[in-house]
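Only one structure is covered here, and it is reproduced in the block below.
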Amino acid sequence: RFQNIVADIIAGLFIVFEGTFKVGDMITVDDWHGQVQEIGIRNTTIRDLILEDVKIMNNSTIRSIINYSERPCWSPITFGVDYDTDIPALEAAFEREKAGMKKNIPLGIGEIVYLGIDELSGSQMTLKFQILCRNQDQLKVKRALNREVRLMLARNGFIIPFPQVTISTRKNREEDEEEEIEREKDEEMEREE
């Protein structure tokens, strides 16, 4: 027990003096990703910013660390638009408005980037946008970027389609088959006349 306490204290001193990470940094230790809340003599506290869970780790158990705070990361978003969307007109609207949009994302670094059509799905074309930010600001920046892109699309009359689902029931199929039979009979009668 005493050995563990000494090991935790020594590890804590190395963390502080080597500057591997500091309070406020976004790090991954093993499979745990979050923001460093406190570095104590024996323990380090890390908060998951998505789930708000807190993990308190003994300093001597911290082995493999990735520190994301050393460089910015991308905060990407995707938006679906209708297949009838005039893509060159949308791209021109984005170019006109991106500087104003960026002003409303103060935690973003640099300018907003439009990456193009990311996916073609059943009811929409999915467009991708992104902006650089500090790792610890990623969620706030993502929300702000979602807002700004949505407002830009609305201001310029671009339609964001609602999810569409086609449901077929046995009764619908039977009715469709009956209508098809009636249509064929009508066509046959017209040919005979």
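The values are calculated or read from the model by the stated rules, or taken from the named source; none is laboratory data. Values in this document were obtained by computation on a predicted structure and should not be read as measured data. Ideal geometry is used to build each Cβ from the backbone, glycine not excepted, and the neighbour counts take in all protein chains shown. In case anyone asks, the SASA skips ligands and DNA or RNA and just uses the protein heavy atoms, side chains included. Shrake-Rupley method; radii C 1.70, N 1.55, O 1.52, S 1.80 Å.
Within the range 103-129, residues that are under 14 Å from Pro163 (Cα atoms) sit with their Cβ atoms under 8 Å from residues that are open to solvent by 20 Å² or more (accessible area, probe 1.4 Å) and in a strand (DSSP E or B), at 6+ positions apart or across chains, in these pairs: Met125/Ile117; Met125/Glu119; Thr126/Thr78; Thr126/Phe79; Thr126/Ile117; Thr126/Asp118; Thr126/Glu119; Thr126/Leu120. Just one residue in the set Asp53, Asp48, Asp86, Asp82 is in contact with a His (Cβ under 9 Å, 6 or more places away or on another chain), at pLDDT 80 or above, at negative phi and of a type outside the set (A, V, I, L, M); that residue is Asp48.
Could you give every pair whose Cβ atoms fall below 9 Å, whose first residue belongs to the range 12-24 and is on the phi > 0 side of the Ramachandran plot and exposed (fewer than 12 other Cβ atoms within 10 Å of the Cβ), and whose second residue is of a type outside the set (Phe, Trp, Tyr) and not in a helix (DSSP H, G or I), counting only separations of at least 6 or pairs across chains? That search, which allows pairs on different chains as well, returns Gly24/Gln35; Gly24/Val36; Gly24/Gln37. Exactly one residue out of Glu91, Glu97 is at pLDDT 90 or above, open to solvent by 60 Å² or more (accessible area, probe 1.4 Å) and more than 30 Å from Val23 (Cβ to Cβ): that is Glu91. The number of residues in the range 136-193 that are on the phi < 0 side of the Ramachandran plot, small (Gly, Ala, Ser) and either modelled with pLDDT of 75 or more or open to solvent by 100 Å² or more (accessible area, probe 1.4 Å) (or both) comes to 2.
Of all the residues in the range 31-60, those that are under 20 Å from Asn4 (Cα atoms) and open to solvent by 70 Å² or more (accessible area, probe 1.4 Å) number 5. Would you confirm whether any residue within the range 108-122 is over 30 Å from Val6 (Cα atoms), out of contact with any Ser or Thr (no Cβ under 7 Å at 6 or more places or on another chain) and not in a strand (DSSP E or B)? Within the range 108-122, one or more residues are over 30 Å from Val6 (Cα atoms), out of contact with any Ser or Thr (no Cβ under 7 Å at 6 or more places or on another chain) and not in a strand (DSSP E or B).
Within the range 70-83, the residues that satisfy the criterion of being open to solvent by less than 40 Å² (accessible area, probe 1.4 Å) and closer than 25 Å to Asn135 by Cα are Cys73, Ser75, Ile77, Phe79.
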